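Trainee: Shown below is the structure under consideration.
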There are 2 protein chains.
Amino acid sequence: MLDPVSRVRRFNRAVTSEVGALDTSFLGRGRPLGAARVLNAIGHGRSDVAELRDYLALDSGLMSRLLRSLEEEGLVTTKPHPDDARRRLAKLTAAGRREFEAYETLSNAQAQAMLARHSQPEALLAAMDMVAAALGRNRISIAEVDARGEQARYCLGEYYGELSRRFERGFDVARSRDPDAVDMMAPRGAFFIALSDGLPLGCVGLKGTGGAVAEIKRLWVAPAARGIGLGRRLMDAAEDAARKLSIKILRLDTNSVLSEARQLYRRTGWTEIDRFNDDPYPDLFFEKRL
Amino acid sequence: MLDPVSRVRRFNRAVTSEVGALDTSFLGRGRPLGAARVLNAIGHGRSDVAELRDYLALDSGLMSRLLRSLEEEGLVTTKPHPDDARRRLAKLTAAGRREFEAYETLSNAQAQAMLARHSQPEALLAAMDMVAAALGRNRISIAEVDARGEQARYCLGEYYGELSRRFERGFDVARSRDPDAVDMMAPRGAFFIALSDGLPLGCVGLKGTGGAVAEIKRLWVAPAARGIGLGRRLMDAAEDAARKLSIKILRLDTNSVLSEARQLYRRTGWTEIDRFNDDPYPDLFFEKRL
DNA sequence: CATAATATCTGACTTAAGTCAGATATCGAA
DNA sequence: TTCGATATCTGACTTAAGTCAGATATTATG
């Protein structure tokens, strides 16, 4: 009915005409938008003035004046950076923190209200995640994390959940060769996640043995983040890490049901090889020489 | 990992920080945002100055000045409304139309580029449709249309497509008792669609016989618009139309696979009755006395 | 230590946007 | 025809936001 371009533009209209309404918490507390944005950015943990300026895309003069006005209001204090006295650090005062919390409360209440109006909030949230991931794709960072940490465990949980949905006979971690977390940590291996504004959207593990051969394990990309090249970025990170560990041969196993993964491997220099383990779930095996 | 409220707020951040980037076509042609918005609103068919002011939420003084500046640029002409010389009508000049088309081209190109960067544009579009529907829910209108028209046919096509996906043995219109379009038009019946900023999001047919009994047919709500109460609004429209046609008893058939529909009927005063036709697809039958 | 580079700040601007009180013209109804 | 209501316009403001050229202080580098 509507062509794709019209649908994107319809989305833009909906969002921009509601955008005031999307998060009006920045208004309504008798403070210009600029100052409110700075206060909130500081409240969210950004203290370095240069970082604030960069994040909010403000001119240095303007930034400086906004900080002064917040200082005059008694909401913020600044002091030189201990390592470099040219740089300045901003911090909320007690009053500033109260004001920040007031903004947070407003903003949370608005988000809550929008969800409450919907009778299928999970579907709506999934759609929002997807749009947010697509719009913020160049702000998704790949980070090496502890494979036993909270974020890694969350990703693995989602990964297992997806396998049990997609495999015809389900998936039971206990029956699979679950790699030891220590094999996916320095100095033998590594574990990476893709992080978008606080939400983990993907992961991959590099399972080392200490020798020249290592395995890629647990490659997962959140449904909301498919189609924006995250799988590739995660694999690149794992390969780079493998090279740094002097690993010469990478292997992986997968299941033909996971067609996106197979396509990715085929396109990025992996070659199919014979089965190299007796794990019951995989039916495809790949190798890549670095 | 992130709670629902945080996910909504993450979406808000993604959208608001990209919102300049969402549609920057309003900038970049050496004209202040306000004037560009007025030019575009006129280009999209709004000519009445009061309507423009209302749509763009501008003060009358500001509106007046923006129109003057566009007139000075030679992009717009205004003239008194033929029926009421107090009101004024704005119109694009040839140069204004060219300028408007340039904005349109930019905007389309941006939408196109955003889609091109995504390798699963259909999923992204579906997510955008869902978010747009949820944000613009109070701007969705129910309209009576010709059951043979383009919009009705689009909705019916989507409806049949969904049935064939959800019914275990598929769905073949030819095998079903497809109601004649004329039975779903005045004076015997009616056909309604839900329209959101140009995109049809749902439909329902009232199939009359000329007597006191009529049937509800083809209730469909687009996946992107589920959870915002559209089914109910469509049914209300059909019931109102039935009352106006002096219909006393409404009937409908459905399939138990369509659980959302069944829930809706149960909650809105319908009672289950015995099978009243030999259509192979339905297995549930409802009645409502008006 | 001299000098260039860096981070922030200040002062002097411009522009966009918005507000508000009237002015002007026209319309609708008594 | 008169008068209140309505639609738009004009003039006189305010505020927010952004720009830009230096000033100042500090750090890095040869």
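Trainee: Put the label 7 Å from Cα along Cα→Cβ for A:Glu73; what are its distances to the other copies, in nanometres, shortest first?
Mentor: Result, one decimal in nm: 3.4.
Trainee: Using the 7 Å Cα-to-Cβ label point, sort the distances from A:Ser6 to its equivalents in the other copies shortest first and give them in nm to one decimal.
Mentor: Those separations, rounded to one decimal, come out as 4.0 nm.
Trainee: Further, regarding this structure: Amide H of A:Phe191 versus every other amide H placed in the peptide plane: which residues, excluding those fewer than 5 positions away on the same chain, fall under 5 Å?
Mentor: Result for A:Phe191 returns A:Val145, A:Leu206.
Trainee: Here is a further query. Please get the size of the charge dipole for chain B, origin at its Cα centre, with Cβ charges of +1 on Lys and Arg and -1 on Asp and Glu, quoted in debye to the nearest 20.
Mentor: 640
Trainee: What are the nm distances, shortest first, from B:Gly157 to its equivalents in the other copies, labels at 7 Å along Cα→Cβ?
Mentor: 4.3
Trainee: Sticking with this structure for a sec: Any lysines with Cα under 17 Å of the B:Lys217 Cα? List them, leaving off those in the same chain fewer than 8 positions away.
Mentor: B:Lys207, B:Lys248, B:Lys288
Trainee: A further question follows. Under 21 Å from the Cα of A:Lys91, which lysines turn up, not counting those fewer than eight places away in the same chain?
Mentor: Cross-link targets: A:Lys79.
Trainee: Below 8 Å, C-alpha to C-alpha, sequence gap of six or more: please give me the relative contact order for chain A in percent.
Mentor: Reported as a whole number, the value is 11 percent.
Trainee: What residues qualify as long-range amide H neighbours of A:Gly202, i.e. H under 5 Å apart, gap of 5 or more or another chain, H built at 1.01 Å from N?
Mentor: Here the answer is A:Ala194, A:Ala222, since their amide H atoms fall under 5 Å of that of A:Gly202.
Trainee: Now a separate question. When the helices in the protein assembly as shown are scored as -39500 (n - 2.57) per DSSP H run of 4 or longer and the sum is shared across all residues, what 222 nm value do you end up with, to the nearest 500 deg cm²/dmol?
Mentor: -14500 deg cm²/dmol
Trainee: Continuing with the same structure: Which whole-Hz couplings ³J(HN,Hα) result when phi for each residue of the range B:117-129 is put into the Karplus expression 6.51 cos²θ - 1.76 cosθ + 1.60, θ = phi - 60°, listed in order with x for Gly and Pro?
Mentor: Result, rounded to whole Hz: 6, 10, 8, 10, x, 5, 5, 5, 4, 4, 5, 5, 4.
Trainee: Would you mind computing Rg(Cα) / (2.2 N^0.38 Å) for the range A:80-181, counting N as its residues?
Mentor: 1.65
Trainee: Average partner chain C-beta neighbours within 10 Å, per residue of B:113-122?
Mentor: Averaged over the peptide's residues, the number is 5.
Trainee: Here's something else I'd like to know. Using only the Cα atoms, what convex hull volume per residue in Å³ does the range A:140-289 have?
Mentor: Expressed per residue, the convex hull around the Cα atoms of the range A:140-289 is 103 Å³.
Trainee: Continuing with this model, one more query. Over the alpha-carbon set of the range A:4-117, work out the extent along each principal axis and list the three values in angstrom, largest first.
Mentor: 52, 31, 22
Trainee: Looking down the axis that turns A into B, which residue of A has the closest beta carbon, and how many Å out?
Mentor: A:Ala127, 2
Trainee: Would you mind giving the mean number of other chain beta-carbons within 10 Å of the Cβ of each residue in A:216-227, as a whole number?
Mentor: Shielding by partners across A:216-227 averages 2.
Trainee: Probe radius 1.4 Å, ligands and nucleic acids left out: can you give me the accessible area buried at the B-A interface, summed over both chains, in Å² to the nearest hundred?
Mentor: Answer for the B-A pair: about 5800 Å² buried.
Trainee: Taking every pair of alpha-carbon atoms in chain B, give the share separated by more than 32 Å as a whole percent.
Mentor: Percentage above 32 Å: 45.
Trainee: Using a Förster distance of 35 angstrom, determine the FRET efficiency expected from the C-beta separation of A:Glu101 and A:Ser176, and round it to 0.05.
Mentor: Approximately 0.20, to the nearest 0.05.
Trainee: Just need the relative contact order of the range A:140-289 here, percent rounded to a whole number, with Cα pairs under 8 Å and 6+ apart.
Mentor: Relative contact order of the range A:140-289: 20 percent.
Trainee: Now for a separate question. If I build a Gaussian network model for chain A, linking alpha-carbon pairs within less than 10 angstrom, which residue out of A:Arg188, A:Arg53, A:Arg275 has the largest mean-square fluctuation?
Mentor: So, out of A:Arg188, A:Arg53, A:Arg275, the one fluctuating most is A:Arg53.
Trainee: Can you spot the aspartates and glutamates whose alpha carbon is less than 20 Å from B:Lys244's alpha carbon? Ignore those fewer than 8 places along the same chain.
Mentor: B:Glu144, B:Asp146, B:Asp183, B:Glu215, B:Asp236, B:Glu287
Trainee: Rounded to a whole number, what % of the accessible area of the range B:142-245 do carbon and sulfur atoms account for, probe 1.4 Å?
Mentor: 48
Trainee: Okay, moving on. Relative contact order of the range A:4-117: what whole-number percent is it, with Cα pairs under 8 angstrom and at least 6 residues apart?
Mentor: 26
Trainee: Averaged across the residues of A:133-141, what count of C-beta atoms belonging to other chains lies within 10 Å of each residue's C-beta?
Mentor: Per-residue shielding by partner chains comes out at 5.
Trainee: Follow-up. Considering the alpha-carbon set of the range A:102-150 alone, what are its Rg and its Dmax in angstrom?
Mentor: 15.0, 39
Trainee: In a Gaussian network model over chain A where Cα atoms closer than 10 Å are linked, find which of A:Lys207, A:Lys217, A:Lys79 has the largest mean-square fluctuation.
Mentor: A:Lys79
Trainee: Which residue, A:Val131, A:Val221, A:Val49, has the most motion in a Gaussian network model of chain A that connects Cα atoms within less than 10 Å?
Mentor: Ranking A:Val131, A:Val221, A:Val49 by mean-square fluctuation puts A:Val49 first.
Trainee: Using the Karplus curve 6.51 cos²θ - 1.76 cosθ + 1.60 with θ = phi - 60°, what ³J(HN,Hα) values do you get for each residue of the range B:155-171, in whole Hz, with x for Gly and Pro?
Mentor: Karplus-based 3J(HN,Hα) across the range B:155-171 equals 4, 5, x, 5, 4, 4, x, 5, 4, 5, 6, 8, 6, 4, 9, x, 9 Hz.
Trainee: Still on this structure, I have one more. Under a no-solvent Debye model with one identical scatterer per Cα of the protein assembly as shown, what's log10 I(q)/I(0) at q = 0.11 Å⁻¹?
Mentor: -1.22
Trainee: Another one. Whole angstrom only: what separates the Cα centroid of the range A:134-175 from the Cα centroid of the range A:45-106?
Mentor: 36
The values are calculated or read from the model by the stated rules, or taken from the named source; none is laboratory data. None of these values were measured; they are calculated from a predicted model. Here the Cβ is made from the backbone with ideal geometry for all residues, glycine too, and neighbour counts use every protein chain on show. We work out accessible area using only protein heavy atoms, side chains counted, and drop any ligands, DNA or RNA first. Shrake-Rupley method; radii C 1.70, N 1.55, O 1.52, S 1.80 Å.
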